[in-house]
Each structure stands twice: as C-alpha cells, then as structure tokens.
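A short worksheet on the structure shown next.
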Amino acid sequence: MVNIQTADIMSDYFSTYSRNVRVVAWILRFIHNISNVNKLRGNLVYEEFKKAENLVFKSMQLRSFQDEKFLAKMQAFKDEEGLLRIRTKLVDSDEKEDFKFPVLLPANDVVVKLIREEHKKAMHAGSYILLARLRENFWIIKAKNLRPSVAVQPLADKPSKSEQVCPQLDGGIPGSSAD
C-alpha cells in the first residue's frame with residue numbers, strides 16, 4: 001500500500017499554482033491506480049483536482065502553523081477534510097461555507113503563485129478587488145503585504161513598454177490635395 005505524506009509535497013518546483021495542483025492530482029491518480037483493481041482513466045475530474053488542492057493546502061499548513069497559541073488566537077479549527085479554517089464574523093450569515101470559514105494559508109511562495117494566478121483570472125484587477133476575491137475562499141496571513149510584491153513583479157503576458165503593438169506608418173498626402 002502506498003501512502004503519501006502531506007509534508008512531503010515540494011511545491012517550490014512548479015512555476016504556477018495550477019501546475020502544482022495538476023501534478024499532485026496525477027500523482028494521486030497514479031497511487032490510486034497501482035493500489036486498486038478499478039483503474040481511473042481519461043482526463044482528471046473536478047473531485048481529483050479538489051483532493052489535490054486540499055493536499056497542497058494541508059502540506060503548507062503543516063509546515064507553517066505549528067504554534068497552538070497563534071491558531072487559538074485566529075480561532076482556527078480543522079474541518080472534515082483536515083484543513084485549518086478560521087471563524088469569521090459571518091458565521092450566522094447565509095453565505096457559502098467557504099466564505100464563512102475560509103481556509104487559513106501562510107504567506108509563502110506557493111500562495112504568491114496562487115495570488116498571481118487569481119490576478120490574471122480577474123483580468124489584472126486592482127489590489128483591493130484581488131484581495132476581496134481571494135477572501136471569498138482563503139484567509140492569507142499578511143495578505144495586504146503580499147499584494148504589492150505580486151503587483152511589482154512583471155507578468156509574462158504583458159507586453160513591455162518598448163514593444164509597439166502596431167507599427168507607426170508615415171502618413172502620405174492624398175493625391176488630390178497635393179496640388
């Protein structure tokens with residue numbers, strides 16, 4: 001029987017957050033296929049991605065949150081999947097569970113990749129919009145300090161200022177007005 005330890009996931013080797021989750025999902029499928037008679041085939045499904053994402057989150061949480069006093073101060077608790085979540089003031093609201101109890105995440109390189117990816121999904125929205133979108137599902141420690149570091153680093157899909165999108169053409173004088 002093969003067992004994967006959540007602390008063993010090395011998330012620093014991947015260039016993007018989604019690639020990290022996708023590789024972990026394929027590894028989990030491989031482990032499932034070598035240990036079960038019923039083999040999974042085809043493309044990855046949502047449940048496999050969600051399981052891989054939760055495993056990446058647990059790995060980050062195990063490495064970062066060892067201090068029980070800090071967790072008590074943050075009102076953190078473990079949910080049924082083993083993720084650390086915090087209680088917000090919206091406990092009695094009609095909002096979805098992820099919004100009322102966001103996943104607690106540390107400020108590390110993987111989370112910066114998550115922020116950068118969310119920034120692209122939000123079509124390069126401003127920092128307050130980006131933080132609001134992230135807070136729908138996650139509570140990132142020192143998130144306000146991470147936003148400028150993401151905004152300062154150039155994004156790969158933005159053309160540089162020196163590149164011209166459309167070359168300038170010299171305008172000639174029309175033939176009828178040259179006379």
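Remind me, relative contact order of the stretch 15-143 in percent, using alpha carbon pairs under 8 angstrom and six or more residues apart?
Across the stretch 15-143, relative contact order equals 23 percent.
Per 0.36 nm of contour for each residue apart, how much would the distance between Ile27 and Tyr46 grow if the chain were fully extended, relative to their Cα-Cα spacing?
Numbers: separation 19, 0.36 × 19 = 6.84 nm, distance 1.50 nm.
Fully extending the segment from Ile27 to Tyr46 adds 5.3 nm.
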## Note on the structure
If the chain between Glu136 and Ala72 were fully extended at 0.36 nm per residue, the gain over the current Cα-Cα distance would be 20.9 nm
#### Entry: Too-long pairs where the Cα-Cα distance tops 22 Å, listed order kept, from Lys121/Lys144; Lys58/Lys89; Lys73/Lys113; Lys69/Lys89
Lys58/Lys89; Lys73/Lys113
### Query
So what are the radius of gyration and Dmax for the Cα set of the stretch 1-115, in Å?
15.7, 47
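How much length would be gained if the chain were fully extended between Arg63 and Asn38, taking 0.36 nm per residue of separation minus their Cα-Cα distance, in nm to one decimal? Let's see the in-between values first.
Details: separation 25, 0.36 × 25 = 9.00 nm, distance 3.36 nm.
In short, 5.6 nm is gained.
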#### Entry: Hull-based mean projected area of the stretch 80-143, where the convex hull spans the alpha carbons, in square nanometres
4.9
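First check a/c for the stretch 36-103, with a ≥ b ≥ c the square roots of the eigenvalues of its C-alpha gyration tensor; if it is under 1.5, answer rounded, and if not, answer prolate when a/b is larger than b/c or oblate otherwise. Before the final figure, lay out the partial values.
Working: a/c = 3.47, a/b = 1.64, b/c = 2.11.
Cα axes put the stretch 36-103 in the oblate bin.
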### Estimated distance in nm for a label pair at Ala122 and Ala107, the labels positioned 7 Å out from Cα along Cα-to-Cβ
1.7
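Throughout, read-outs are computed from the coordinates displayed, never taken from laboratory work. Small disclaimer: the values here were computed from a predicted structure and weren't measured. For neighbour counting, all protein chains shown are included, and Cβ atoms are generated from backbone atoms with ideal geometry for every residue, glycine included.
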